[in-house]
Every structure is written in C-alpha cells, then in structure tokens.
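Here the structure is laid out as structure tokens; the discussion comes afterwards.
The values are calculated or read from the model by the stated rules, or taken from the named source; none is laboratory data. These numbers come from a predicted model, not from an experiment. Note that each Cβ is placed from the backbone with ideal geometry, even for glycine, and that neighbours are counted across all protein chains shown. SASA here: full protein model, heavy atoms, side chains in, ligands and nucleic acids out. Shrake-Rupley method; radii C 1.70, N 1.55, O 1.52, S 1.80 Å.
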Amino acid sequence: MAITLRLMLRILHILDHSLPLHSGYAFRTVSILQEQRALGWETFHLTTPKQGESTIEEEWVNGWHFFRTPTPPGRRTSLRALSLLALMRRTAARIADVVSRTRPNVLHVHSPVLNALPALWVGRSTGLPVVYEMRALWEAAAVDHGTTTESSIRYHLSRRLETFALLRAAHVTTICEGLRSDITSRGVPPDRVTVIPNAVDPAEFPFGGVSNPALCASLGLTGSTVLGFAGSFYAYEGLDLLIEALPGLVASRPDVKLLLVGGGFQEAALKEQARTLGIADRVIFTGRVPHDQVQRYYDLIDVLVYPRHSSLLTELVTPLKPLEAMAQGRVLVASDVGGHKELIRDGETGLLFKAGDVQALQSKILETLALTPIRLEQIRRAGREFVETERTWAKSVARYADVYARLVKGSGLPTGAIARDRAS
C-alpha cells in the first residue's frame, strides 16, 4: 500500500471577468479551476467591477460560484486616473471582505494590473502570499488607442504599474515563454516566474470531425475548398491580410471560399474590404456563434488560417485557437509571429508564413492545398500528438503545485490539513 501526502489549499482567485461572459480569458479560468479542484484544492472566485454593471454580490453560473463586486448602473469606470483609482479601491474592499469569509491560504490574482494592485494591498495587510498571473501585457493595449502622444503616455504609465506589481508579487505565473522573458527582463528573478501554458482538454475536441451537409449548403459552401478563421475580429488578428490575399488565391483555385466565424471591432471594415475587392460573394460572415455550436463550423473548414500581424502582443503572447485546431486534427497556416512559433512547429504541426506578407500568405496556402492526403494526415496526427503530450490542462495546471506549496510553507500560515491518499 502506497501513501502519498497532499497539501490541502484554499485559493482565492481574483478575476477581471468570468462566465457567463464568453472569452478566452473566461474559458481558461474554468479550465484552471476544474483541474485545481481535481487536485483536491478548494477554490473561491471573485470578479472585479469589470464583470459589468450589477448589484448582485454572488452568482452561480454553470455550477460555478462567483463572488461579484457590485457595480450599480452609471458607475462604469473610464480610463481616467481618478476613475481607475476608485475602481481599484472598490476591488480591494471586496477582496478584503471575501478573504474574511473564505480564509484562503493564497491570493491568486489574474491580470490586468488593475486587479493585481488591490490584491497586493490586501495581501500586505493580511500577510497572505499573492500569486500574480499575467496573461497579457496591459500596456500593449495602450498603443492601440488615442493619439500617438496619448498612447505613449498610457504605455509608459501602464508598463511602470505592471513592473511595480510584478516585482512585489510573491510569485508570478504567466502563459508562455515570450511573456516570461519580458517579466524577467524587468528584474523579476527567474525562480519567481513559472509558465502555466495555455492548453486544451483533448476530450472536448474530437479528432477529424465530419462536416454537416445541411449547414454547409446553408452557407453556400457545398463543393468549395474552405479557408477559415474562428474567433474575435481584432485588428491584430490580420484578417484584413487574409481578405487581401483572397483574389490571388481564387485566381489559382476558383473553388476557394473564406468562412469567418465570430465578430468584433473589425467586422464592418472587413466586409467593406471584401466588397471593395469584388469578393464579397467569396467571404461568408457567420456572426457570433454560440460556444456549443462552434465545433459544427470548425468541421466545415479545410484549412484554418491565423494571419496575425506582428505587434508587441502577438510576438509575446500565445493564442489558444491554434491549440484547439491541432487538437481536432485541423491543418493550419499561421504567421510567424513569436506567439505562433512557440506553439507551431513549421512543417510538422502546421505551416508558417512571413507575418504581414500577403504574397507569402498566398503561397503558403496554395502550398498547403497542394499537399498529398498522406502528408496532410501526417500534419493532423502530429498536431494532435503535440496537444496530447504537451498541452493538456491536467499537465499545465499541475505546475501550480510547487508554486503554492513553496509560498504557503514560506508564509507560516496554517494550511488546514495534510490529506493522506492511500492506494493499494
């Protein structure tokens, strides 16, 4: 009979937002919580005012309990400094309240830095260790808004706040090596930074799904070779480059059509671009699709395309969608930004092209469409194997164990109990 010891932990997760809102952020959170619960840890979950206007203090969503930070109508926070300070004060007060009710061993705060600073304030007053999980660079968003001068001011202020929080957290976790390098470049010791990479549950993504003929016909895709993208239409995703490449692709492959599943800020501009290029009939916009229906649209696509432009965000941050594609055995073409290169092995699990180069994108897609069935199957299998061996949520979340154990031991706080798991 073998005996193993397991530390019993109570973890308060402090989140920007959560379900029922649908985002990669919310889905990553649920995946983390599921695996932490499977490890025997007790988790509590608090969202900040960014969840939206509401007066409720607690909410159950899909079997998950969330503490909310009440934000009455008319109290939405702008980006002005005084408003941000008020937001953080409300967040800190709510964290302190939930801490008194749940008595956690660890405060695990998830980006942005507007969450981290209040958690650090509460951690300092209570003696609780704070883990800061930086999922993206808050300062990266600053360069996408306003004038050049405004963007520069916001960028530098945001970066200073981020660095301040990173240096004061007991430990930092992040989603990829690109962000890890950025964090350590700010002076955070490497042994205080742990990568908890994005992952998927392979069981949720069947390998090699078959398209639904009725759905295919309803979208006008019967008999077509379908290129596709599923996600939010942000400028950095590079969908404008994909539409720009389409006329040249159609000239070589008249059966090609483009299926864009989702929506977002760039949708109107992308539709106008397709009309201007005279290919509106070749680009199908589905609009936003319920999360439980997205798989049906994935099954229509022959080649998934992720043409992200090179930017601070895309060079450092790994996206989740390519992992989902590989889990399903989909063939994918992606730009060679740093976030993609960390996930995709060129020519093995997918194909990469030079970011921002429409000719390179056209050539790579045509090269992919010309591959033999045997070669395509090799790529599909390699992608699935990569996910199963390196990027499951169970393996990813297991990395928290050493982080938490070290912090709780170092804090001197009681952990509740040590559980003995007996297995014969």
**Item:** From phi via Karplus (6.51, -1.76, 1.60), per-residue ³J(HN,Hα) for segment 375-390 in Hz, x at Gly/Pro
**Value:** 5, 4, 5, 4, 5, 4, 5, 5, x, 5, 5, 4, 5, 5, 8, 10
**Complete:** Taking Arg275, Arg399, Arg159 and ranking on accessible area (1.4 Å, protein atoms only), highest first, one gets Arg275, Arg399, Arg159
**Request:** Using only the Cα atoms of segment 202-279, build the gyration tensor, take square roots of its eigenvalues as a ≥ b ≥ c, and label the shape rounded, prolate or oblate: rounded if a/c is under 1.5, else prolate if a/b is larger than b/c, else oblate.
**Result:** oblate
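How large is the direction-averaged shadow of the alpha-carbon convex hull of segment 353-411, in nm²?
Computing the convex hull of the Cα atoms and averaging its projections yields 6.7 nm².
Work through the residues other than Ala394 whose Cβ is under 15 Å from its Cβ and net out their charges, Lys, Arg +1 and Asp, Glu -1. Before the final figure, lay out the partial values.
Values: positive: Arg28, Arg37, Arg391, Lys395, Arg399; negative: Glu35, Asp201, Glu204, Glu388, Glu390.
Its environment carries a net charge of 0.
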**Request:** Considering only Ala269, Ala199, Ala360, give the residue with the highest GNM mean-square fluctuation for the chain, with springs between Cα atoms whenever their separation is below 10 Å.
**Result:** Ala269
**Fill in**
With all protein chains in place and a 1.4 Å probe, Thr276 shows an accessible area in Å² (nearest 10) of 100 Å²
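Which value at 222 nm does the chain reach when only helices count, each DSSP H run of 4 or more adding -39,500 (n - 2.57), with the total divided by all residues and rounded to the nearest 500 deg cm²/dmol?
On the way: 17 runs with 184 residues, N = 424.
So the helix-based figure for the chain works out to -13000 deg cm²/dmol.
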**Asked** Of Lys321/Lys409; Lys321/Lys395; Lys50/Lys395; Lys354/Lys395, which sit over 26 Å apart, Cα to Cα?
**Response** Lys321/Lys409; Lys50/Lys395; Lys354/Lys395
**Asked** Using modelled amide H (1.01 Å from N, peptide plane; none on Pro or chain starts), what sits under 5 Å from the amide H of Val61, excluding residues fewer than 5 places away?
**Response** Phe66
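Mind ranking 178-189, 376-387, 322-333 by how tightly packed they are, going by the mean number of other C-beta atoms within 10 angstrom, highest first?
Values: 178-189: 16.6, 376-387: 18.4, 322-333: 24.1.
The densest-packed peptide leads the list: 322-333, 376-387, 178-189.
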**Fill in**
Projected onto the charge dipole of the chain (unit charges on the beta-carbon of Lys, Arg, Asp and Glu, signs +1, +1, -1, -1), the Cα from Thr48, Ile243, Ala370 with the largest positive-side position is that of Thr48
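With the Cα gyration tensor of segment 264-316 giving a ≥ b ≥ c as the square roots of its eigenvalues, does the rule (a/c under 1.5 for rounded; else a/b larger than b/c for prolate; else oblate) give rounded, prolate or oblate? Don't jump to the answer; show the numbers that get you there.
Numbers: a/c = 1.65, a/b = 1.03, b/c = 1.60.
Oblate is the answer for segment 264-316, as a/c is 1.5 or above yet b/c matches or exceeds a/b.
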**Request:** Report the charge-dipole magnitude of the chain in Debye, nearest 20, computed about the Cα centre from +1 at each Lys and Arg Cβ and -1 at each Asp and Glu Cβ.
**Result:** 1320 debye
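Compute for the chain: radius of gyration divided by Kirkwood radius, i.e. Rg/Rh, restricted to C-alpha atoms, rounded to two decimals. Don't jump to the answer; show the numbers that get you there.
Details: Rg = 22.8 Å, Rh = 23.1 Å.
Here the Rg-to-Rh quotient is 0.99.
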**Request:** Have a look at Leu15, Leu227, Leu219 and tell me which one the Gaussian network model of the chain (Cα, springs below 10 Å) gives the largest fluctuation.
**Result:** Leu219
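How do Trp393, Trp60, Trp138, Trp121 rank by accessible surface area computed with a 1.4 Å probe, from largest to smallest? If you can, show how the numbers build up before the last one.
Values: Trp393 15, Trp60 180, Trp138 60, Trp121 90 Å².
In descending accessible area the options line up as Trp60, Trp121, Trp138, Trp393.
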**Rounded to 5, percent antiparallel among DSSP beta bridges of the chain** = 20 percent
**Item:** Cα-based shape type of segment 199-332, given that a ≥ b ≥ c are square roots of the gyration tensor eigenvalues and the cut on a/c is 1.5
**Value:** oblate
